[in-house]
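Peer 1: There's a structure below that I have some questions on.
The values are calculated or read from the model by the stated rules, or taken from the named source; none is laboratory data. In this text, all values refer to a predicted model and were calculated from it rather than measured experimentally. A quick note on method: Cβ atoms are made from the backbone with ideal geometry, for glycine too, and the neighbour counts reach across all protein chains shown. Just the protein is used for accessible areas: all its heavy atoms, side chains included, with ligands, DNA and RNA removed. Shrake-Rupley method; radii C 1.70, N 1.55, O 1.52, S 1.80 Å.
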Amino acid sequence: MILTLPMGLMCSWGQCIGEVCGSSGVQTRTIWCVHIEGWTTHHSHCQHVEKPESKRQCFKICNWHQDLFEWEISDWGDCVLVSFFSNELKLRTTECITAQHGIQRRNIHCVRTSNRSTVSIRICEFFSQKPPVEQACLIPCPQDCVVSDFNSWSSCSKTCGAGLQHRTRDVLAAPMYGGANCPNLTERRTCTNSVDCPLAEGEYQYSLKVGAWSKCQLPHNKDAFLNGRTTVDFGASSNDNNSIMLHTLDSNNQFNHHRYHHHNAHVHLRYPMSWDLEVGYQTRHVRCARNDGKNVMLSLCTKDNTPLTYQACVMPKDCQTSEWSSWSYCSKTCQSTDLSPGYRLRTRIMTQIPYGGGKQCPALEEKEACNIIGDLLPKCPRYTWKTTDWGECRIRPLIGQQDRRRANISMLCGEGVQTRSTYCVQVLDDSAPHYKKEVSRPVNAWLCDGDDPPLAVQNCTIACQHQCLLSQWSPWSACLQENCTEPQGKRGFKKRKREVLWESSNTLGTCPHLMEFIPCEDPVCYRWQIQQKEKCIPTNSSCGPGTAVQNVTCVNAEGVDVPDTHCADVHPPTEETCDVPCCADCVVGSWSFWSPCSHSCATKTAEGKQSRTRTVLAIPGKDGKVCPAAPALEEWRVCNDHPCPVFYWNASEWGLCTEDASAKINASSFQNWTSSCPVGVQSRNVSCMKTNAGPVTNKRCLDSSRPETNRPCLLPCKKDCVVTPFSEWTACPTSCLPDNSTAAMQSRYRIIIQRSANGGQECPDTLYEERECDSVRVCPVYRWRMHKWHSCTLVPDSVRRGLSGSGEACGNGLETRGISCVGEDGMPANMTECLQWAGPFPSHIRKCRVACKEDCTLTAWSKFSECAGCGSSRTRRRSLVGRSKKKEHCLNEDLYPLEENETCPCNQFLSQPVGNWSACILPNSPVSLQGWMKHQEVKECGQGLRYRAVACIDQQGHLVSLFSQCSILGHIVEICHIPCPLDCKLSEWSSWTACSSSCGSGLKMRSKWLREKAFNGGRPCPKLDLKNQVYEAVPCQNEYSQYEWQIEPWSICTINTVDDLPACGEGVQSRKIRSVNASIDVSLCDQEEMPPRAQVCYLACPNDCVVAAWGAWSNCPPCDPGSERNRTRHILRLPASEKAACPELVQSEPCLLNSTCFTYQYKVSDWSTCRLSENAICGQGYRSRLLDCVRSDGKTVELQKCQQFGLINKLQLLESCMVDCPVSCILSEWSPWADCSHTCGTQGHSVRTRRILQEAHEEGRPCPNQLTQTKPCSIKPCYMWLLNDWSACTIELIALSSDSKEKQFILHFWQISLLELNRLLLNDDQAVTLDASFFCSGDCHLTEWSTWSSCQLTCLEGRSFEPTGRQARSRAVIVQAMENQGSCPQQIFETQPCKGGKCHSYQWKIGGWTNNKRAVWCQRSDGVNVTGGCFPQKRPTTIRHCHPPCTKPFSHCTPSGVCGCEKGYTEVMTSHGFLDYCTRTPGVDNSKKADVKTNSGRLKPRPSQANNLFSEWTLRPVGPGTEIEILSKQLASPPPQKPLTLAYDGDVDM
C-alpha cells in the first residue's frame, strides 16, 4: 500500500489567534492522511517526515489596524461570453430567446490607505470577506451579420470576348455578441459577347499604374543620406502594391513613427499653447504594365509629363485628447414606472487636431447605463394638479352683443360661470411634518402633463328675486275673533286666503302675502246654522197657518259642527210658522238666489247691494188672500259692506346674518350642519300695510298671522388669504454671455389660492419677484496669433536624385507657420480655449515653390487699381522677366496670366424680407401674476401686429450677422387688423298671437326672426325653425270663456184676457239678457249658450192646483243605455175640487249622451316654454299649462263641473325646467414665446400656445381655430462648408505652378465633426482636394461605401438593451479580370453609433411549392428581405423529397410527396400503398427504346404534372464544328411530344 498526502487535502490556515496583538499569534490548520484513491485512513499510514506542519506563528492584527488597509476594487469589466474564457466556440444548436450568459470580472487588491501600495490579500481578509471577483451577467443573443438582397447584375466587364459580371449586396447589421460573420458581398459570373476581340497576335496593351503615396516621413540626418541611396524596385512582379524602399547602412537611425501614437502621447500631456507642423516627404511608385502583367519601360506608357514620384507632405500628427472628465450624475435617480435604465456621461476635449493622416480622434463623449436595478433607488417625486378657489360668479360672459346693450348688467341673475386657476405641485411625502397644513409650491406645468388638469370653469348661480305663482283669493270669511278660544272685545276680523301654486328655489325675497284682513264689529266665532226645513203642516185644517220643523246646529267659522254651548246667541226655534195656501188664496213662489253683489267693497259713496225675487204663481179667488204688492216680491240687502282698503302683513327681505347672543339659544337647530362657522341671527321688518295707503298700526292686522321677524343663521366664515410659497427661481443661462449683453434675469412667483373675506388677513402685495443672475459668466475672449511663415521646404536632395535624377533644389514644397492662442490680455493660452472661443482655425500650411532654372520668371503682382464703387472691379498686373519673354510655354497666358481682375470688396449692405408674414398677433393683455384667473372672453379682434423676418445681405447675396449695417432689428413690423366677431342678431319680440284654442285653454306665442347671421366666430344663432324664427309660448284662455251672460229676473207673466175673465192661465214672460259689463260687446259671449229671452208661463186660476217650479234634474248614471233622469216638484195649493187633478209631480227622460247626459274629463293645454326670472339669462325656471274641464260633446265648461262629478286632477300644471346657458369658449393665457427652432438661417420660428379651458356650449362664442401662433426669428447666417460635386479623377502629371492662386487642403477621409473642419480651414473659400484612386482596366478594387443602413437597436424582449443603436455600411470587392483575383483586397464594413433606432425581429418566409421546390427567405420586421438574422436551424426545407425514394423505372416524385409515373404510364401500387412499378397506359403510343439514337434512353424528361408547363428541346450549333448545344424552351401549352431521334455521327460529345 502506498500512502500519500496530496497538497489539496490540507485545510487552509485559520485566523491568527492570540491574547494580545502582535507577532505572538498562532495559526493552525487540519491535515489528514488519505489513500491514493482518495479515501481517508489513519495518520499512522503516512510517513511522518512528509507530514506538513499544522501550526505556525503569525502576526495577530488588531482592530485598529482596520483603518490602515482596505479593499481596492476596480470597475466591472465588460460582460464576456463564457465560451471566450474556455476558448471554445460551439455551434449554436438552440435558438437564443432573450439573452445568453456571460461573466464579468474585476481586479481586487488589498492596499494601504496611506500610500495605496499593495499588500497581501490575507490582511484585508482578516477584517472582511474578499469581495467576489466575478459575477454572472447577461449578453444579448448573438446577432448574425445581416446583409441585403443582391442588386441587379452589372454590365459585362468587356465589350468583346469573355468577361465578368457582378452583383453586390450591403451589410445592414454587423455581427455582434458572437454572431456569424458576414457572407461574401459579391457574386460574379462569366459573360460572353458575340463580338470577338480583334487583337492580333504579338500586340500588347500598356497601362500606366500609379501606386499610393507612401507614409510621410522626415528627412534622415546628413550622414545617413550620404551613406545611403534610394533605389526603386522594378521587379518583374505584377503586384500593384510595389513601393519605394529606402536602404541605409544604419537602420537604427530610421525614424520611428510610433512615438506619436495616441495612447502613448496624451496620457500625461499638458494642454499645448501652440501647434507646430513638420514637413516631410512621401513617394510613390509609377510603372508601365503590359497586359500580360509584365513591367516595361515608362516611355511605352507616357511620352511627356511623367507623374511625380515624390512630394513634400505634412508629417502626421495624431489626435490628442484630454483625460476623461468625471462621470456625470445618472439621468435616472429615482424609481418610476419606466423600467429602462438611466445613463451617465463623461467627456474629454481635443487637445491636438490630427494632421497628415494621423490617427483620428476617438469618441469625445462616452455614455453608459446606470441604476439598472431601480428597486434600490428612492421613489420618484409625484406631481399633481392643484386648484385655487373659485372666482366670483359672472353672468356678463353669457350675454351676446345685442343683449349686452339692452341689459342692466348690475341686475343680472340666474346661472353664470366662475373660473379658477390650475397649477402643478409636487406630492409631498405623507411622513413629512405638517403635511396636511403645508401648501406645496408651484412647479412647471409640464411635470403634470401626464394627467388631465382639473376643470377650470364651472356653472354657478346668482340668486334672483323669489318667484311665486299664486291661486285666486278665497271668499271673505265671517267676522271672527282673533282668537275664538279666548274671545276678547267686540272687534274682529274678516280674512281671505290664497295658496302658493309654485315657487322658485331662489333665496332672495319671499312670496307676496297670502292673507288679507278687514277689521269688523261684533265678531262671531260660532253661529247657529239652520240646515233644512220640513213640509209645512197646517194647524187646524188642510190649509192655512201651520208650523214647519227645522234642524238647527251650532257651527264654527269653517262650518264644522260644534257643541251648542259654543254659540252665545239665543238658540233659534226648532219650529217655524208657515202658511199653506187655500184654494182661493194667492200663491207666491219661493225666493230666488241672491244676485251677485253690485260692489266688491264699500266706499263713502257706494255700497254693495244684492237682491232676490219671487213671482206670483196663482191669482186669488173670491175671499181668498190677495197677492202681495209688487215691492214685496223683491228683497234687497247690503253686501260687501266692508271698506275697500284691506290690511295685510308685509315682510321685508331677510337682513344680513349678525352675531347675537340670543341666537346661541337656537343653535341646536343647526346641529346637523357641517360648517364650523358661528351661528348668528337674521332679522326683517314686519309691518301692517293698508292697500294703496302704506303702513298702519299693527292693530289693524291679525296678530296671530304675523310672520316671524328673527331666525337663526350661519355667520360668514372669516377667511384669511392663502398663498402658495414662491416657486423655485427660474434657471439662469448655463452658457456664457457676451460682455456687452444685457444682464440675465431670473424670476419666481406665487399664486393666491384663497382670497381673504369677512375680515380675514389680506393677501400680500408681492406675487412676482425678479432678480439678476449672479452665476452667469461672461464669455472669455481669445484669439489666434499667427507667426511668420517658415521657408519653403522641399523633398530632400537624396530622394529627388534617387527618383528623378535631378540635382537642382527647386520645385514644389510646403511652408508652415506657427499658430498659438492668446487671451484678451495677450498672454499665451491653451489652444483648446481658442478652439472654443476664437472662431475658425487659421491655415498654418500652404504650398510653395522654389523656382527652377527652366521656370518662367515673372515680376511680383502690382497693387490692385482703385475701385470705382460697389459692383466695380479692380485689376493688377505683372510681366515676364529676362529669358522667360522668349520661352514659348511662358507666353501661354492660360498658364501664366499677366493680368488679374477681381470684384471690388463692397461694404454696402441691403435689408431684404424673407419668408411669409406671420399671423396677426394681438397685444397681450396685462398678465395677472396673482394666480387668480379672471377669465374673460378672449379678445380675438382689433389692431395687432404681424411680423416678417428681414435678412441683412451683402452685395453677393450672402447673409451677414451685423444687423447694425442694415439698421434693422431683424423684423418688419406691420399693423394689421383682425375683424371682430359679429354675433347672430335677431329681431325684437313680435306681438302675442291669439290664443291657439278657440274654446278653453291654449298657448299664445310671440317670435323673433333672424336679422343677421354670425360672422368671424361670433355667437351662433339659437335653434331656428324652417322660417328662421325662434318662439316663446305662454298659456292662455280664449277670450270667449272669460265672459258670461248676465240674466235679469223674469217679468210678470202677461196673460191676454177677454172681457171680464180672470187674468189667469197661459201667458208669456220675458227677461233681459246682457253681458256682465255693459261696455263689452255682446258678441264676445258664447252665442250658443245664450239663455232664452222669453218663455211661456202659467198663472194658475183660483181653485186650480198650484205646484212649485221644477227642481233640478237628477244626475244620470254613467250615461248607461236605458237609464233615466228625473226631476220633481211639489204641490203648493190643492185644487178646490177633489175631482180636479194636479199636474205631474215627477218627470223622467232617457239619459242620452251629449243630449241629456254628459261625461266630463280634465284636459290640459300644451306646456309653455321655460320661463325665467326677469333678469335671468339662463338657469332654473318653470313652465306651466292650464287645466280645463271638457264635456263629452267637446265643449269646455267650468271646472266645478268636473269637481261635482268627483273627478280628481292628477295632472301637474307647474314644473321646474332648465335653460342651458350660452357658455362661450374660455381659453388659457398664451404661453411665453418658445426658443427659436433654429439658431441660424431663415427657417427659425418661435411658437406660443394656449389651451381650451371651456368648450363653447349652446349659443356661446365658439373657440377659435388658432391655438398656436408662430412668428419668425431674427435671421442669422449659418456657417457651413458647401462642397460641390467631385471633379473627374485625374493623375497628377505635373507639379502645380508657383502661380497657382488656389488654396488647397488635402483631407484623408478624416472622421471629424463639421466644427473641427471649420477650425481646420480658413474663413474664405477653400478648394478641398480628396486623395482618390483611379482604377485601371482590369484592376480588382472595392466599391464605394454603401449608404448607412437604418439605425437598429440591440433589444431584449422588444426593449433597447443599449442607450444607442448602430448602423453599418460596407464595401464589396469587384473583380474585373479573373487573372487579377490574387491581388484583390478583402471586403470591409464598419459601424457607427446612431440615435433614434428601432428594434427589429427576423422571421423565415416561405413561398408555394412548385415541382417539389419552394422559395425560402428571411424577412426583417419592417418588410426588408435579408440574409442572416433568422435562426439557421429553423430554416424551412426548400425541396420536398419522397420517402422511400422513387427508384422504379419511369417514376418520379410528385408534388404531393409520393412516387408517381411519368406521362403514358400508370401506377401499380403495393398493398401498403407504395408504388410497385409503372406500366404502359393502353392506347398510348409508347415507342420508346433504350437506344443511343433516341433521347428516351439518354435524356429523361423532367417530372411532369397536370397543370405545369412542358419543356421543349431545341438544337442550335454553337461553333464551326459538329458540337450541338441543347436548349430548354418553355411552351405556353403542353402539346403531345414524340421522342426526338438524333443522328449519331460518332462524335464523342454524343
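Peer 1: Could you please find all residues in the range 159-175 being in contact with a strand residue (DSSP E or B) (Cβ under 9 Å, 6 or more places away or on another chain), at pLDDT below 85 and either under 30 Å from Q143 (Cα atoms) or surrounded by fewer than 17 Cβ atoms within 10 Å (Cβ to Cβ) (or both)? Working first, answer last.
Peer 2: Of the range 159-175, the ones in contact with a strand residue (DSSP E or B) (Cβ under 9 Å, 6 or more places away or on another chain) are 161-175.
Restricting the remaining residues to those that are at pLDDT below 85 gives 161-163.
Selection gives G161, A162.
Peer 1: Tell me, which residue of the range 693-710 that is in a loop (DSSP other than H, G, I, E, B), of a type outside the set (D, E) and without any contact (Cβ under 8 Å) to a residue 60 or more places away in the chain is nearest to L767 (Cα to Cα)? Can you show your working first?
Peer 2: Within the range 693-710, the subset in a loop (DSSP other than H, G, I, E, B) is 693, 697, 701-702, 706-709.
Those still in the list that are of a type outside the set (D, E) too: 693, 697, 701-702, 706-707, 709.
Those still in the list that are without any contact (Cβ under 8 Å) to a residue 60 or more places away in the chain too: 693, 697, 706-707, 709.
Details: A693: 58, T697: 59, R706: 54, P707: 51, T709: 46 Å.
Per the criteria, the residue is T709.
Peer 1: Right, here's the next one. Of the residues that sit in the range 498-522 and are among the aliphatic types (A, V, I, L, M) and either modelled with pLDDT under 75 or part of a loop (DSSP other than H, G, I, E, B) (or both), which one is surrounded by the fewest Cβ atoms within 10 Å (Cβ to Cβ)?
Peer 2: First, pick out the residues of the range 498-522 that are among the aliphatic types (A, V, I, L, M): 500-501, 508, 514-515, 518.
Right, trim to either modelled with pLDDT under 75 or part of a loop (DSSP other than H, G, I, E, B) (or both) and you get 508, 514.
On the way: L508: 14, L514: 18.
Here the residue is L508.
Peer 1: Okay, moving on. For the range 372-386, enumerate the residues that are open to solvent by 40 Å² or more (accessible area, probe 1.4 Å) and either polar (S, T, N, Q) or touching an Asp or Glu at 6+ places or on another chain (Cβ under 7 Å) (or both). Write out each step before concluding.
Peer 2: Here is the first cut: in the range 372-386, the residues open to solvent by 40 Å² or more (accessible area, probe 1.4 Å) are 372-373, 375-376, 378-379, 381-384, 386.
Across the range 372-386, the qualifying residue is only T384.
Peer 1: Report yes if some residue within the range 1145-1155 is among the acidic types (D, E) and either open to solvent by less than 50 Å² (accessible area, probe 1.4 Å) or touching a residue at least 40 places away in the same chain (Cβ under 8 Å) (or both); otherwise report no. Full working, then the answer.
Peer 2: Initially, the range 1145-1155 is screened for residues among the acidic types (D, E), giving 1149.
Then drop every residue that is not either open to solvent by less than 50 Å² (accessible area, probe 1.4 Å) or touching a residue at least 40 places away in the same chain (Cβ under 8 Å) (or both), which leaves 1149.
The answer is yes; a qualifying residue exists.
Peer 1: Name the strands (runs of 3 or more DSSP E) wholly inside the range 1168-1279 in which the number of residues that are closer than 30 Å to S421 by Cβ is 1 or more.
Peer 2: Working: elements: 1179-1184, 1187-1191, 1214-1219, 1245-1249, 1252-1254, 1268-1272.
Per the criteria, 1179-1184, 1214-1219, 1245-1249, 1252-1254, 1268-1272.
Peer 1: Out of C856, C821, C834, I need the residue that is touching a helix residue (DSSP H, G or I) at 6+ places or on another chain (Cβ under 6 Å) and over 30 Å from N892 (Cα atoms). Which one? Break it down stepwise before answering.
Peer 2: Details: C856 fails: over 30 Å from N892 (Cα atoms); C834 fails: touching a helix residue (DSSP H, G or I) at 6+ places or on another chain (Cβ under 6 Å).
None of the other options fit; the residue is C821.
Peer 1: Quick one: in the range 44-65, which of the residues that are at pLDDT 75 or above and either touching a His at 6+ places or on another chain (Cβ under 7 Å) or open to solvent by 90 Å² or more (accessible area, probe 1.4 Å) (or both) is farthest from I123 (Cα to Cα)?
Peer 2: Across the range 44-65, the extreme among qualifying residues is H45.
Peer 1: Let me ask something additional. Could we say that Q550 is in contact with a strand residue (DSSP E or B) (Cβ under 7 Å, 6 or more places away or on another chain) and either in contact (Cβ under 8 Å) with a residue 40 or more places away in the chain or open to solvent by 50 Å² or more (accessible area, probe 1.4 Å) (or both) here? Full working, then the answer.
Peer 2: Details: in contact with a strand residue (DSSP E or B) (Cβ under 7 Å, 6 or more places away or on another chain): yes; either in contact (Cβ under 8 Å) with a residue 40 or more places away in the chain or open to solvent by 50 Å² or more (accessible area, probe 1.4 Å) (or both): no.
When the stated conditions are applied, Q550 does not pass them.
Peer 1: Now a separate question. So the check is Cβ under 8 Å with 6+ separation or different chains; which pairs have a first residue in the range 1434-1458 that's closer than 13 Å to D1476 by Cα and a second one that's outside any loop (DSSP other than H, G, I, E, B) and of a type in the set (S, T, Y)?
Peer 2: K1448/Y1477; P1449/Y1477; F1450/Y1465
Peer 1: Then there is this: For the range 711-734: of the residues being among the polar types (S, T, N, Q) and without any contact (Cβ under 8 Å) to a residue 40 or more places away in the chain, which is farthest from R441 (Cα to Cα)?
Peer 2: T734
Peer 1: Look at the range 1429-1477 and say how many of its residues are open to solvent by 50 Å² or more (accessible area, probe 1.4 Å), closer than 30 Å to P142 by Cβ and hydrophobic (A, V, I, L, M, F, W, C).
Peer 2: The qualifying residues number 1.
Peer 1: Quick test for you: out of L895, L891, L880, pick the one residue that is open to solvent by less than 60 Å² (accessible area, probe 1.4 Å) and over 60 Å from the mean Cα position of the chain (by Cα). I'd like the intermediate steps shown before the answer.
Peer 2: Numbers: L895 fails: open to solvent by less than 60 Å² (accessible area, probe 1.4 Å); L891 fails: open to solvent by less than 60 Å² (accessible area, probe 1.4 Å).
Only one candidate passes the filter, namely L880.
Peer 1: Against the condition over 28 Å from W446 (Cβ atoms) and not acidic (D, E), how does I1252 come out, does it pass?
Peer 2: Numbers: over 28 Å from W446 (Cβ atoms): no; not acidic (D, E): yes.
No, not satisfied.
Peer 1: Across the range 354-371, which residue is most open to solvent (accessible area, probe 1.4 Å) among those that are touching a Cys at 6+ places or on another chain (Cβ under 7 Å) and assigned to a loop (DSSP other than H, G, I, E, B)?
Peer 2: Of the residues in the range 354-371, the ones touching a Cys at 6+ places or on another chain (Cβ under 7 Å) are 354, 356, 358-361, 370-371.
The next check asks that each one be assigned to a loop (DSSP other than H, G, I, E, B); those that pass are 354, 356, 358-361, 371.
On the way: P354: 2, G356: 29, G358: 8, K359: 92, Q360: 74, C361: 19, N371: 58 Å².
This residue is K359.
Peer 1: Only one residue in I1388, I1374 is buried (at least 17 other Cβ atoms within 10 Å of the Cβ) and within 26 Å of S1346 (Cα to Cα). Which one? Full working, then the answer.
Peer 2: Working: I1388 fails: buried (at least 17 other Cβ atoms within 10 Å of the Cβ).
Criteria check complete, one pass: I1374.
Peer 1: Taking the condition more than 26 Å from H1257 (Cα to Cα), surrounded by fewer than 18 Cβ atoms within 10 Å (Cβ to Cβ), at pLDDT 90 or above and not β-branched (V, I, T), does W992 pass?
Peer 2: On the way: more than 26 Å from H1257 (Cα to Cα): yes; surrounded by fewer than 18 Cβ atoms within 10 Å (Cβ to Cβ): yes; at pLDDT 90 or above: yes; not β-branched (V, I, T): yes.
It is true that W992 is more than 26 Å from H1257 (Cα to Cα), surrounded by fewer than 18 Cβ atoms within 10 Å (Cβ to Cβ), at pLDDT 90 or above and not β-branched (V, I, T).
Yes/no matrix, rows are residues, columns are (1) assigned to a loop (DSSP other than H, G, I, E, B); (2) out of contact with any Ser or Thr (no Cβ under 7 Å at 6 or more places or on another chain); (3) open to solvent by 60 Å² or more (accessible area, probe 1.4 Å); (4) not charged (D, E, K, R):
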site	(1), (2), (3), (4)
T565	no, yes, yes, yes
H571	yes, yes, yes, yes
T577	no, no, yes, yes
C597	yes, yes, no, yes
P620	yes, yes, no, yes
D623	yes, yes, yes, no
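Peer 1: Right, here's the next one. Which of the numbered conditions does K437 fail, given that it passes all the others? Conditions: (1) open to solvent by 60 Å² or more (accessible area, probe 1.4 Å); (2) at pLDDT 75 or above.
Peer 2: (2)
Peer 1: Show the residue pairs meeting these rules: Cβ distance below 6 Å; 6+ apart or different chains; first residue within the range 1355-1381 and at pLDDT below 75; second residue aliphatic (A, V, I, L, M) and open to solvent by 50 Å² or more (accessible area, probe 1.4 Å).
Peer 2: Once the first residue is at pLDDT below 75 and sits in the range 1355-1381, no partner that is aliphatic (A, V, I, L, M) and open to solvent by 50 Å² or more (accessible area, probe 1.4 Å) comes close enough.
Peer 1: Given the conditions (1) modelled with pLDDT of 80 or more; (2) open to solvent by 60 Å² or more (accessible area, probe 1.4 Å); (3) within 30 Å of C288 (Cβ to Cβ), report the number of the one that F1335 does not fulfil.
Peer 2: The single condition F1335 does not satisfy is (1).
Peer 1: Considering (1) assigned to a helix (DSSP H, G or I); (2) loosely packed, with under 11 Cβ neighbours inside 10 Å; (3) charged (D, E, K, R), say which one R801 fails and leave the rest.
Peer 2: If we test R801 against (1) assigned to a helix (DSSP H, G or I); (2) loosely packed, with under 11 Cβ neighbours inside 10 Å; (3) charged (D, E, K, R), just (2) comes out false.
Peer 1: Go through the range 1140-1188 and give me each residue that's among the polar types (S, T, N, Q), in contact with an Asp or Glu (Cβ under 7 Å, 6 or more places away or on another chain) and farther than 28 Å from L1211 by Cα. Explain how you work it out, then say what you get.
Peer 2: From the range 1140-1188, those among the polar types (S, T, N, Q) are 1147-1148, 1154-1156, 1159, 1161, 1165, 1168-1169, 1173, 1175, 1180, 1184; that's our starting set.
Within this subset, residues satisfying the condition of being in contact with an Asp or Glu (Cβ under 7 Å, 6 or more places away or on another chain) are 1148, 1154, 1156, 1169.
The answer is S1148, T1156.
Peer 1: While we're looking at this one, here's another question. Restrict the check to the range 1359-1366 and report whether at least one residue is more than 27 Å from H166 (Cβ to Cβ), open to solvent by less than 60 Å² (accessible area, probe 1.4 Å) and in a strand (DSSP E or B). Walk me through how you get there before you give the answer.
Peer 2: Pass one, the range 1359-1366, residues more than 27 Å from H166 (Cβ to Cβ): 1359-1366.
Still in the list and also open to solvent by less than 60 Å² (accessible area, probe 1.4 Å): 1360, 1362-1365.
Applying the additional criterion that residues be in a strand (DSSP E or B) yields 1360, 1365.
There is at least one residue in the range 1359-1366 that is more than 27 Å from H166 (Cβ to Cβ), open to solvent by less than 60 Å² (accessible area, probe 1.4 Å) and in a strand (DSSP E or B).
Peer 1: Continuing with the same structure: Can you name every residue in the range 298-319 that is open to solvent by 30 Å² or more (accessible area, probe 1.4 Å) and not hydroxyl-bearing (S, T, Y)?
Peer 2: Passing the criteria: L298, L300, C301, K303, D304, N305, L308, Q311, P316, K317.
Peer 1: Would you mind stating whether C124 is among the hydrophobic types (A, V, I, L, M, F, W, C), out of contact with any helix residue (DSSP H, G or I) (no Cβ under 8 Å at 6 or more places or on another chain), buried (at least 16 other Cβ atoms within 10 Å of the Cβ) and closer than 28 Å to T1427 by Cα? Outline the logic, then answer.
Peer 2: On the way: among the hydrophobic types (A, V, I, L, M, F, W, C): yes; out of contact with any helix residue (DSSP H, G or I) (no Cβ under 8 Å at 6 or more places or on another chain): yes; buried (at least 16 other Cβ atoms within 10 Å of the Cβ): yes; closer than 28 Å to T1427 by Cα: no.
In short, no.
Peer 1: Right, next: Counting only residues that are in a strand (DSSP E or B) and within 17 Å of V555 (Cβ to Cβ), how many does the range 476-493 have? Even if it seems obvious, please write down each step before you answer.
Peer 2: Step one: of the range 476-493, the residues in a strand (DSSP E or B) are 480, 491-493.
Remaining after also requiring within 17 Å of V555 (Cβ to Cβ): 480, 492.
Matching residues across the range 476-493 total 2.
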